[in-house]
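Encoded as structure tokens, the structure appears first; notes follow it.
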Amino acid sequence: MEVGALWAPLAGGALIGSSAALLLWLNGRVVGISGMLGGMLAPVRGDVSWRALALLGLVLAGVIGMLVAPEQIGRSPRSLPVLALAGLFVGIGTRLSNGCTSGHGVCGVSRLSPRSLVATATFIATGVLTVLALRVLGAGS
Amino acid sequence: MSRPVLRNLVALVIGMLFGAGLLLSGMTQPAKVLGFLDWLGAWDPSLLFVMGGAVVVYAIAYRLILRRKQPLLADAFVLPSRSAIDAKLIGGAALFGIGWGLGGYCPGPSIVSLASGALDAIVLVAATAAGMWIASRFERVA
């Protein structure tokens, strides 16, 4: 991989970290996308509107992305039934562990929260094992 | 503008910025995410740079911000208070990782990708919501 190809991931990551920092600085909140989505299903008084608007912001970013750089939104190599199963696992798992790649992986790891470090190591490990298992089964991407 | 309105506006703008970060970093390309998880295949290290960039910025900012008594637009910081490292945390994270490896989507990028109108993201987000609902039922019983 070319070194030049790494500026976008790095800049994108810095933008992710900056927006999470802005939310903390201005609103005093930690970014957690799974928590925002979960908050739509199990509304917490006072936390509905901002979470809904943050989710809307994500979709709006996607709309603008489709206009200026549609190639940035890729399709999954997996079939729809596999994606449905994937979503179920993502939903159940993030709900039980109270976080995903944003809340645990970025915000929690940055705080050196032992809980988030354990969660992040775990979901990366099972993610790698899952891709490996699919490869062994011959169904890999 | 009142502070609650400002906070909502901030949340909308931050959603957009966060989404732009996900788009720029390649997280909305499931094939790239799966490449990062494919340690025995053609491993794509770029996600390490995404996470590294995000963590370095947030780790520094977090420490500076928490020197303040309160956030700019709210009365207090609301920080995660849980500390238990238990079966629920590890089991949940393990299940999430399996889902991540199956589809190549984590929650943020899947929601950004809804904008493409492609069934991939729509099915995945709907199933994620269903999974959250199932887990919340389970938690109520347990």
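What follows is calculated from the coordinates using simple rules that are stated; it is not laboratory data. Please read all numbers here as calculations on a predicted model, not as lab measurements. Every residue, glycine among them, receives a Cβ derived from its backbone with ideal geometry; neighbour counts consider all protein chains shown.
Quick notes on this one:
- Averaged over residues, the count of other Cβ atoms within 10 Å places the peptides B:12-18, B:60-66 in the sequence B:12-18, B:60-66, highest first.
- Mean separation of Cα contacts under 8 Å (6+ apart) over length of the range B:42-142, as relative contact order %: 11 percent
- Mean separation of Cα pairs under 8 Å and 6 or more residues apart, divided by the residue count, gives chain A a relative contact order of 23 percent.
- Efficiency of FRET from Cβ geometry, B:ARG63 and A:SER79, R₀ 51 Å, rounded to 0.05: 0.70
- Cα shape, the range A:76-141, gyration tensor, a/c 1.5 rule: prolate
- If you sort the three axes of the alpha carbon gyration tensor as a ≥ b ≥ c, you get a/c under 1.5 for chain A, which makes it rounded.
- Simple label model, 7 Å out from Cα along Cβ direction - A:TRP7 to B:SER136, nm: 4.4 nm
- For the protein assembly as shown: rounded, prolate or oblate by the Cα gyration tensor [a/c cutoff 1.5]: rounded
- Residue (of B:ALA84, B:PHE49, B:GLY104) at the positive-pole extreme of the range B:3-141, dipole from beta-carbon charges: B:ALA84
- For the range B:71-142, trypsin sites (Lys or Arg not before Pro) meeting the loop criterion (DSSP other than H, G, I, E, B) and having at most 16 other Cβ atoms within 10 Å: B:ARG82.
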